[in-house]
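One structure is given here, and the rest of the page talks about it.
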Amino acid sequence: MTTIRAEIPEQYKWDMTTIYANADAFEQDFKKAEACIADYGKHMDTMLSGPQALYEALSDYFDTDRLIEKLYEYAARSFDVDTSVNAMQALSARVMDLFRNMGAATYFVTPNLLKLDEETLEKWYKEYPPLEKFRRNIALELRRKPHTLSEECEKLLAQVATGIGGHDDTYEILTDCDMTFGKIRDEEGKLVRLTGANYIPFEMSQNRRVRKAAFNKFYEGYAQYGNTIATIINSFIKELAMLAKVRGYQSALEASTFEDEVTPEIYNNLIETVKKNLPVLFEYYDLKREMLGVSHLHMYDLYPPLVADCDTKYTYEEAVDEVLDMVKIFGEEYHSVLSKGIKEEKWVDVFPNDCKRGGAYSAGCYDTEPRMLLNFNGTLEDVSTLAHEAGHSMHSYMSRKYNDYNVSGYKIFVAEVASTVNELLLAHKKLRESQNDLEKLSILNHIMETFKGTLFRQTMFADFEKQIYETVESGQPLTKELVSEKYYALVKEYFGPRVICDKPIENEWMRIPHFYYNFYVYKYATCISAAASIVKRIETQGDTYIEKYIDFLKCGGSISPVDSLKVAEIDMTSPAVIEDAISVFKETVEQFRTLAKKVGMLK
């Protein structure tokens with residue numbers, strides 16, 4: 001297949017004219033958005049004068065936001081498929097300026113909403129029923145009232161905000177640009193430079209000497225900058241803890257989960273439940289040790305795959321058929337919409353080409369079809385990626401179709417649920433249908449690695465985050481020695497007594513950028529747990545449960561993410577959801593062991 005975009009057949013590329021027919025159409029909407037932003041100030045003194053005035057102010061706000069989102073989709077998607085087109089990069093920058101200008105023009109909306117009380121609002125909802133459309137949006141703002149300061153203090157915080165932050169940028173510059181790791185000898189004995197980019201590929205090597213050399217050299221490099229990195233993360237956490245305290249939160253964790261419309265209870269439930277079930281993970285590491293044929297499993301033995309990836313090749317059309325056959329389980333609407341979207345409406349930009357963004361994602365907005373970017377090469381992993389992104393896209397499609405724009409967006413807390421459901425269902429389907437034991441082992445290996453990396457590893461990270469935040473909030477500064485000591489203790493706890501936790505692993509915390517994302521990593525673990533629990537119900541209860549799952553997809557942002565999952569009978573405060581995911585992992589480990597014995601890979 002050619003890597004020149006112009007030579008790729010049109011049926012495998014997005015059609016951007018479905019968003020804007022030409023540059024003139026884009027510019028017309030751009031000017032319209034500029035005019036809406038310039039005109040928005042008229043609502044400042046009137047939006048609280050009555051229910052109709054409030055409705056008009058909010059209508060104009062969301063209409064403008066909706067228009068800018070459409071402009072952004074056109075510019076961003078056009079740029080991603082060919083990043084050499086500077087004009088599209090410039091277009092994206094212009095649209096980002098629109099977002100910033102809108103933020104400046106609408107700054108008074110939230111402060112004004114916070115002046116309203118429940119009694120007045122209930123009266124207004126009755127007097128002017130159209131205002132009901134924005135009840136959810138208003139409620140989301142009003143829940144901030146206990147954590148909102150006086151107007152003077154809010155202005156001061158807004159000014160201070162321009163001079164704080166940036167710790168993640170400092171960390172990235174240090175680790176991406178300034179740090180060096182020296183050289184190691186590769187599988188062929190050649191001296192090669194070790195970098196952040198090739199570290200994991202070296203750790204996946206079948207040559208244990210190479211893995212060990214990369215491991216030791218890599219963390220030796222980080223250790224040299226440990227004092228600096230500890231200072232950066234200490235300052236980052238102190239800042240978030242200070243802001244949380246100023247706004248009346250009990251902790252930075254409470255402040256962060258508040259933004260997700262969840263509670264620390266869910267965060268703590270995840271950690272507690274996973275910790276109680278760590279012996280299941282230890283069994284996986286025993287399996288890994290046996291498959292690698294080593295007497296003891298070290299930290300540098302964690303990444304090599306247990307079996308080679310399946311070498312079965314798929315055409316894109318075969319991949320589409322696999323995914324569409326799998327989603328039939330969700331009913332006619334889901335299947336027909338996705339089928340038409342992929343085959344007729346060109347939701348997918350399929351193949352890699354020169355200057356195309358790497359990886360895969362699902363995008364789109366309220367006024368466009370969902371769009372999936374792939375870099376399809378025909379592997380089973382690529383088929384799984386298509387299923388994954390289709391899950392995202394159909395979640396977005398349902399959310400937008402069944403909700404008004406202002407409540408159509410779902411929170412990050414549930415963003416990976418539908419995609420992971422699709423990925424797991426496809427894997428289970430392939431396991432049932434495959435006649436090739438090696439292919440089955442490859443699929444089982446992929447499932448195990450997904451759960452190990454997403455459920456257990458991210459929970460360990462979440463546990464670590466909680467501990468270092470609590471340390472700072474208690475008034476104790478983070479030093480390199482203290483943070484490494486805490487991290488090493490967690491590594492030994494999560495890897496168990498039969499894995500040798502080589503001392504350099506105490507420095508691993510230094511290389512994880514997600515620790516600068518403010519309690520983000522736990523969402524990976526909660527999403528895979530919810531998805532595994534949903535799949536378990538789909539496969540045991542069938543159509544009666546699938547209706548509830550589809551209703552979850554339709555919720556969008558009309559209710560909280562926790563309540564939307566309850567529509568699908570998933571209660572994230574309950575250990576049962578996490579236990580469902582752990583049971584899937586346990587069953588997969590047992591299946592792999594049994595099959596590996598059958599084919600003679602294990603005794």
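The values are calculated or read from the model by the stated rules, or taken from the named source; none is laboratory data. None of these values were measured; they are calculated from a predicted model. With ideal geometry, Cβ positions are generated from the backbone for all residues, glycine too; neighbour counts draw on all protein chains shown. Calculation scope for accessible area: heavy atoms of the full protein, side chains included, ligands and nucleic acids excluded. Shrake-Rupley method; radii C 1.70, N 1.55, O 1.52, S 1.80 Å.
With both bridge residues required to lie in the chain, what share of the DSSP beta bridges run antiparallel, to the nearest 5%?
On the way: 6 of 10 bridges.
Restricted to the chain, the bridges split so that about 60 percent are antiparallel.
Using the Cβ atoms and a cut-off under 9 Å, what net charge is assigned to the surroundings of LYS430, where Lys and Arg are +1 and Asp and Glu are -1? Each step should come with its number before you reach the end.
On the way: positive: LYS429, ARG432, LYS440; negative: GLU322, GLU433, GLU439.
With Lys, Arg at +1 and Asp, Glu at -1, the neighbours total 0.
For VAL294 and GLU265, the difference between the fully extended length at 0.36 nm per residue and the C-alpha to C-alpha distance is 6.4 nm. Taking every protein chain into account, the accessible area of the chain amounts to 44 square angstrom per residue (probe 1.4 Å). Of all lysines in the structure, those lying under 18 Å Cα to Cα from LYS523, and not within fewer than 8 positions of it along the same chain, are LYS275, LYS411, LYS452, LYS466, LYS566.
Could you give the length gained on full extension between THR18 and ILE412, defined as 0.36 nm per residue of separation minus the Cα-Cα distance, in nm? Walk me through the numbers on the way to the answer.
On the way: separation 394, 0.36 × 394 = 141.84 nm, distance 2.74 nm.
Gain on extension, THR18 to ILE412, equals 139.1 nm.
Rounded to the nearest percent, how much of the accessible area of the stretch 317-404 (1.4 Å probe, protein heavy atoms only) is carbon and sulfur? Display every interim value, and only then the final one.
Working: 1420 of 3120 Å².
Of the solvent-accessible surface of the stretch 317-404, carbon and sulfur hold 45 percent.
Fully extending the segment from ASP551 to LEU431 would add 40.4 nm, taking 0.36 nm per residue of separation and subtracting the current Cα-Cα distance.
Between ASP367 and ARG185, what is the FRET efficiency for a Förster distance of 45 Å, r being their Cβ-Cβ separation, to the nearest 0.05? Intermediate values should be presented prior to the final figure.
Numbers: r = 55 Å, r/R0 = 1.23.
Working from the Cβ atoms, E equals 0.20.
Based on the Cα atoms of the stretch 85-206, what semi-axes does the equivalent ellipsoid have, where each is the square root of 5 times one gyration tensor eigenvalue, given in whole Å with the largest first? Gyration-tensor ellipsoid for the stretch 85-206: 51, 19, 18 Å. The Cα atoms of the stretch 326-369 define a convex hull whose projected area, averaged across directions, is 4.3 nm². Which value does Rg/Rh take for the stretch 493-586 over its C-alpha atoms, Rh per Kirkwood? That ratio is 1.10, to two decimals. The C-alpha atoms of the chain occupy a region whose extents along the principal axes are 77, 59, 50 Å, arranged from largest to smallest. Secondary-structure-derived ellipticity at 222 nm for the chain, considering helices only, amounts to -19500 deg cm²/dmol, per-run term -39500 (n - 2.57) for DSSP H runs with n ≥ 4. With the convex hull constructed from alpha-carbon coordinates only, the stretch 295-399 shows a mean projected area of 9.6 nm² over all directions. For the pair ASN377 and GLU132, label points projected 7 Å from Cα toward Cβ lie 5.4 nm apart.
Take the Cβ atoms of ALA90 and LYS115, set R0 to 35 Å, and the FRET efficiency comes out at 0.30.
Can you give the Kirkwood hydrodynamic radius for the stretch 1-130, in Å, rounded to one decimal and based on Cα pairs? About 17.2 Å, per the Kirkwood formula over Cα pairs.
A P(r) calculated from all alpha carbon pairs of the stretch 340-471, with 10 Å bins opening at zero, reads 11, 32, 32, 20, 5, 0 percent.
Quantify, in whole percent, the carbon and sulfur part of the accessible surface of the stretch 425-562 (1.4 Å probe; protein heavy atoms only). Display every interim value, and only then the final one.
Details: 2430 of 4870 Å².
That share works out to 50 percent.
The spacing between the stretch 513-536 and the stretch 382-437, judged by their C-alpha centroids, is 15 Å.
Report relative contact order for the chain in percent, whole number only (criteria: Cα-Cα under 8 Å, sequence separation at least 6).
18
For the stretch 444-496, the convex hull drawn through the C-alpha positions has a volume of 66 cubic angstrom per residue.
Spin-label model, VAL599 to GLU34: label points 7 Å out along the Cα-to-beta-carbon direction sit 6.1 nm apart. Mind jotting down the distance between the C-alpha centroids of the stretch 243-263 and the stretch 44-123, whole Å? Cα centroid of the stretch 44-123 versus Cα centroid of the stretch 243-263: 25 Å apart.
Under the simplified labelling scheme, the ASP309-ALA104 pair shows an inter-label distance of 4.7 nm, with each label point 7 Å from Cα along Cα→Cβ.
Across all C-alpha atoms in the stretch 147-218, the radius of gyration and Dmax reach 21.7, 66 Å. Starting from the Cα of TYR125, move 7 Å in the Cα-to-Cβ direction to define the label point; list residues of the stretch 74-118 whose amide nitrogen is under 18 Å from there. Hits in the stretch 74-118 for TYR125 at 18 Å: 113-118. The Stokes-Einstein estimate for the stretch 55-110, based on a Kirkwood radius over Cα pairs and taken at 37 °C with 0.692 mPa s viscosity, is a diffusion coefficient of 270 µm²/s.
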